[in-house]
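Below is one structure, written out as structure tokens, with a few remarks after it.
The values are calculated or read from the model by the stated rules, or taken from the named source; none is laboratory data. Keep in mind that this is a model prediction, so the values were computed, not measured. Because the Cβ atoms are built from the backbone with ideal geometry, glycine has one as well, and the counts that use them run over all protein chains shown.
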Amino acid sequence: MSKQNTILLQPNDVLFFRDGRPMEGALAGHGAAWPLPNIINAAFHAALHRASIPAAHGHRTVRRGETLEIREQFFGSLVTAGPFPVRTSADGNSCVWLMPRPRDLESDTLVPSLSPACGQWLQGSLPKPLTRAVASLRPPSKDSGAKAWISVADYEAYLNEEPERVADAANDGDIFDAEHNVGIAIDPETQTTGQGDAAGKIYSAHYLRLRDAFRLGVLGAAWDKVDGQLDQKRDLLKDLLQSSHQILVGGQQRACTAELLNPGTHLPMPLGLGHEFLGAKGCLVKWVLLTPAIWPAIMAGTSQKGITINPHPGGWIPNWICPNTGKVLLTVRSGNVSRSGRYRTSDSESPAASIGAHLVSALVPKPLPVTGWSLGGGIDAGGNASKAGAKSTHLAVPAGAVYYFQADSPEEAVKLATALNWHGSGDGSEIKNRRSTLMGEKGFGLGVCGRWSLHKTAQ
């Protein structure tokens, strides 16, 4: 049985997910985009706070290296994934979960149209540490039959290289509409219009209206200690949804009706390949992102424990890949991959503990801005009380990005897949790997592994 809850959110009205662009005069607020994982996580976190759950386990705040006695931080155990579009049947008895299309699919079939090329083709223009460029297997064309989302069943068929067939897919326009509305600005001090800074101001905005057959699919849990006991825990998120069915999501606090589905044997996400690489030739592994991932730049320095921190450019290249050689820096200890979110970035690791694989190519779309707004009251990295205002903007690698690896042996390929698949080596009942350096608990950095082959005709 899954340790995460499967939740469907049905909006009661239009939703608003604003990005960082202005909303003044003729500039419309672009709020009709599909919501990012951190927005949904924040909605559930706020719902837990509003519920005033009794005897919730609090955490002490660390300020300037000192741990305060007051336990003022709550619900830090909340982890979520999604949202994903879910298409429901007319009778509501069945549903199809959709995942972002892998970017190597450029037709209406499940056969990859892009693949790394052999030889020295365009090698001179590649950034480090890539050694192979991605080339197209299709004739030049302006038309593409590929759609933005494909079903979980088709995603697994794509990973398993099943025979060519038309995908069960959908575009954004099939899932939601964008509605344009004009509003009157509200003065934040008086909460009225026509006064203060809001006098004479109007704004235009785009809103997301989900089509009747679709829902927002979310996976999540918040396992909390009972009376501080490590061996006794309760799922606060499940308790919340059994007592309350309204979740406020996104900007302007729009309400959604939450439905808690019966737990299944595994989560409704595609399963990546694992032990299948033992019989493969070439040990070629590709990792496809199901959700965005954030890999920040890391400055050289020394940690508080005296450990040397190597610099890393971040951006499109994961922090657990050496930016110079492409070597995978994730390690294995006692048969288990290093803990999710904690990466060793030193080439001095024991060869027996490291994963023998290198990044050779990548297919990465343009970055996705991730930002937000803070109400203040928390503690920043320097131990000071944070102020209300815009949060730092991160550039995330979008879902669908493909990373191509070459492992040293089939056994190393299995290790790599175990480290990168969201379910690890498990049966898919639990999210084990979140390979985003930031916001992994919010659903960033989930991916699955498949095979790839060289494009031998591109010279």
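Applying a threshold of 6 Å to beta carbon distances and a minimum spacing of six or more residues, or different chains, the list of pairs starting in segment 156-176 at a residue that is more than 20 Å from residue 276 (Cβ to Cβ) and ending at one that is part of a helix (DSSP H, G or I) and at pLDDT 85 or above reads 167/154; 168/154. Just to be sure, is residue 133 more than 30 Å from residue 238 (Cβ to Cβ) and of a type outside the set (Lys, Arg)? For residue 133, the condition - more than 30 Å from residue 238 (Cβ to Cβ) and of a type outside the set (Lys, Arg) - is met. Only one of the numbered conditions (1) over 30 Å from residue 5 (Cα atoms); (2) touching a strand residue (DSSP E or B) at 6+ places or on another chain (Cβ under 7 Å); (3) at pLDDT 80 or above; (4) not hydroxyl-bearing (Ser, Thr, Tyr) is not met by residue 105, and that is (2). Here 86, 134, 79 are screened, and the one residue that is buried (at least 20 other Cβ atoms within 10 Å of the Cβ) and either touching a Ser or Thr at 6+ places or on another chain (Cβ under 7 Å) or at pLDDT below 80 (or both) is 134.
Give the number of residues within segment 200-213 that are surrounded by fewer than 21 Cβ atoms within 10 Å (Cβ to Cβ) and under 23 Å from the mean Cα position of the chain (by Cα). Here the count works out to 2.
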